[in-house]
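Inspection log for the structure reproduced underneath, given as structure tokens.
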Amino acid sequence: MTDKPQLYEQASQYRHWRFTRESLDKLRAANNERGIERVLRGLREEAHVDDDHSMLETRVSEATNNLLTPAEELELIDYYLQMIKVYAQSYRKNGLLKPEALDNVKATAINFMKRFYLHNVVFDYPPKSIMLTCFYLATKVENAFMKIDDFVRPLQAAETKRGSKVQTKNEDILELEFVVIQSLQFELAVHHPYRAAYGLYLEMQAYINDAALLKDVFDRSHHYIDLSLFTDLVFLYQPPQIALGAFKLAAREKDLDIDTYLTQRFDARLLEMLFTVLDDIQDTVSAFKNTSQKDAQVIDRKLILCRNPEKNPSSKLYKKKAAGQGDVPYVSDSDSD
Amino acid sequence: MSVLQSAQKQEIPAFQTDDDSCPQCKSERYLNNGMRLLVGPCYHRICESCVQQIFDAGPAPCPECRRILRKAEFYQPIFEDLTVENEVRIRMRMAATYNKREEDFKSLKDYNTYLEMVEDLTFRLLYDINTDEAEYLIEKYKRDNTASIEKNQSKFRREEQLQQLISNQERIKHQQQREEYLKQLEEEKREKEVAKYNLINALATSDKDAKDIVKANMVHLKKSSLSNRSATQKPRLDIEALLRNVGGDFDDEDIEEEDEYAPFDPAESPYEPMDVELRSRYDDPNPAFRQGNTLAAAGMTREVHQRYVIEGAIAGLFAQPLHEDMVDAEATEANFRSAESPNS
């Protein structure tokens, strides 16, 4: 009887998006290394465009002095992940995003962006534009679709207010859409801890008598799940495990005993493993710190100098390639293979 | 450590012999059977009544070595050899403070260095080498690592509780198995007796050939004991052959076969079913599913929804996180493959 598979094991999230901390580090380091190679190669190619080799030396040395480490990449990405949260709130205030879809859109967008940067580097695709594309994609995936014009209008309004020269255009978002989906391996279904926390809350009602306190803890766990989205926990553990970790953090704060529920409900042998997982989740979530705006600005400024010209729409190389191909519908890499 | 802990729970009796005698008052066990010999931090034996006498009024010097002792510091040793007692106690004290584990360290080398350091301190305490410095180091470590010490302590306590739970559950399971087995034996015995009784009855009342009657009854006997056994173990293949040879009737044997070939159920889930018990009422945070609301979507009852949600919360709760040596086999292959495609 027990040779039947578990349903959750069939999810693409379980099959393709699970890692260990070490493999994540390795993957990111390898991407970073290859990204740097591409930046240097792109700079050399650009020098060929108009046979102007005089600038090459300075450009290369500028770039090599300002290359980002994997950790810096992560910090920068994290800053823009926070932006997703801010944008989601403002779209909700505009009435463009249904309040019940808010959590899922936000979490899916964050997840997409995290997944995207497992296979890409910020040198090629700066997180600012990827963030918007991921967000727009997430609204579609989570059934909270809005028109691209509606999506861009508030962004433009904010930009005019800030007095910035560059205006976000529809194409900026749509052009990257296919690149993002491709990097996501066309797997767009993401499972979040929110729903698992909802289920856990229903389940615990049968075991915990203090209903008011339990509701308090459930509401509070939402905050910790929000925090967990920014960490790498999504790549390490299952959504129910993260939800339970958030529950335990909230329960510790509100002084509710959840361990009794667990020991009553589940086999003690299974709990042994679960407790180490929960410990790790709790430690990671409570130790997590978002990148500050100041740090992000410093990294962003470095990034301007070490971007890959091959993928930079304002570079000469990109313009030449685009002109050679005629009208390029989107930034695609498949032709370079 | 565990020896002392079980001693504290009074599972292990304190050490005593018949020719114990108190070095102070010279009273002997031979004369005073209830005598308890205690030791203090300086490991000099002294009987309980002497302790009362000397230390009742407050701290006083040890009669042997003049070290100042208090009454509360005396206890009954559980080892005959007091150096062993001393070592066990020192090690227990060290283990309470230095309770880091291998997983708390980045590399095995760090862990080994830490163990070496702990062992070095223990050795100094044991053999009285630079004790003051060692004590100072231990105090300092304690102060610097209060949080991690407490955390590991609670971890240890929790593991102990879980272990107890596991062994309890196991014991209950064994007990149930045993009871079931005994019940089965009883049943078999009773059936045999009934069969025997029937046989004698048949022999007494029927006018057929006695040999035939015995043969027919033997077949029944065999069959019943076999069908009984099949509840616990799979029927062997030779049962059919055996029965065919004997030529008994097959009617009630066919049931057993049906168990092996369960009928195909097209509506059955291809996935492992989950153990979820629904309550009749939930305080549902989703307003659409609150008690008393009529549901908008057809075919979706409140119960179905709640079952989905709860199953979703339990599914994967016990999924093992990937382990480093599993990664090479599974994940990297899939993920590096895709990593190539967008960029290279």
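The values are calculated or read from the model by the stated rules, or taken from the named source; none is laboratory data. If you're wondering where the values come from, they're calculated on a predicted model, not measured in any experiment. As a convention, Cβ positions derive from the backbone with ideal geometry for all residues, glycine included, and neighbour counts pool all protein chains shown. The area values use the complete protein model at the heavy-atom level, side chains included, leaving out ligands, DNA and RNA. Shrake-Rupley method; radii C 1.70, N 1.55, O 1.52, S 1.80 Å.
Pairs please, first residue from the stretch A:160-172 and in contact (Cβ under 8 Å) with a residue 12 or more places away in the chain, second anywhere and open to solvent by 70 Å² or more (accessible area, probe 1.4 Å) and not β-branched (Val, Ile, Thr), Cβ atoms under 9 Å, 6+ apart in sequence or on different chains.
These pairs meet every condition: A:Asn170/A:Asp149; A:Asp172/A:Pro313.
Tell me whether the stretch A:84-107 contains one or more residues that are farther than 25 Å from A:Tyr194 by Cα, of a type outside the set (Ser, Thr, Tyr) and more than 12 Å from chain B (Cβ to nearest Cβ).
No, the stretch A:84-107 has no match at all.
Is there a residue in the stretch B:146-159 that is of a type in the set (Asp, Glu) and closer than 29 Å to A:Asp259 by Cβ?
yes
Residues that are touching a Phe, Trp or Tyr at 6+ places or on another chain (Cβ under 6 Å), open to solvent by 30 Å² or more (accessible area, probe 1.4 Å) and part of a helix (DSSP H, G or I): does the stretch A:273-292 have at least one?
No; the residues of the stretch A:273-292 include none that is touching a Phe, Trp or Tyr at 6+ places or on another chain (Cβ under 6 Å), open to solvent by 30 Å² or more (accessible area, probe 1.4 Å) and part of a helix (DSSP H, G or I).
How many residues does the stretch A:118-141 contain that are open to solvent by 60 Å² or more (accessible area, probe 1.4 Å) and touching a Pro at 6+ places or on another chain (Cβ under 7 Å)?
Final tally of qualifying residues: 0.
Determine which member of the set A:Ala196, A:Ala158, A:Ala206, A:Ala144 is open to solvent by less than 60 Å² (accessible area, probe 1.4 Å) and either touching a Pro at 6+ places or on another chain (Cβ under 6 Å) or modelled with pLDDT of 95 or more (or both).
Answer to the check: A:Ala196.
Would you mind listing the helices (runs of 4 or more DSSP H) fully within the stretch A:142-239 where at least 2 residues are within 14 Å of chain B (Cβ to nearest Cβ) and not charged (D, E, K, R)?
A:170-183, A:193-204, A:211-228, A:233-236
Going by the structure shown, is A:Leu249 surrounded by 15 or more Cβ atoms within 10 Å (Cβ to Cβ), in contact (Cβ under 8 Å) with a residue 24 or more places away in the chain and either within 13 Å of chain B (Cβ to nearest Cβ) or hydrophobic (A, V, I, L, M, F, W, C) (or both)?
Criteria met by A:Leu249.
Inspect all residues belonging to the stretch A:228-240 and state whether any of them is open to solvent by less than 50 Å² (accessible area, probe 1.4 Å), more than 17 Å from A:Asn111 (Cβ to Cβ) and in the same structural domain as A:Asp283 (by TED's automatic domain parsing).
Within the stretch A:228-240, none of the residues are open to solvent by less than 50 Å² (accessible area, probe 1.4 Å), more than 17 Å from A:Asn111 (Cβ to Cβ) and in the same structural domain as A:Asp283 (by TED's automatic domain parsing).
Output the residues belonging to the stretch B:37-85 that are in a strand (DSSP E or B) and within 44 Å of the chain's Cα centre (by Cα).
B:Leu37, B:Leu38, B:Val39, B:Arg45, B:Ile46, B:Cys47, B:Leu69, B:Tyr75
Being modelled with pLDDT of 90 or more and within 14 Å of chain A (Cβ to nearest Cβ): is that true of B:Lys173 here?
yes
For A:Asp25, which of the numbered conditions (1) under 14 Å from A:Cys306 (Cα atoms); (2) in contact (Cβ under 8 Å) with a residue 24 or more places away in the chain fails to hold?
Exception for A:Asp25: condition (1).
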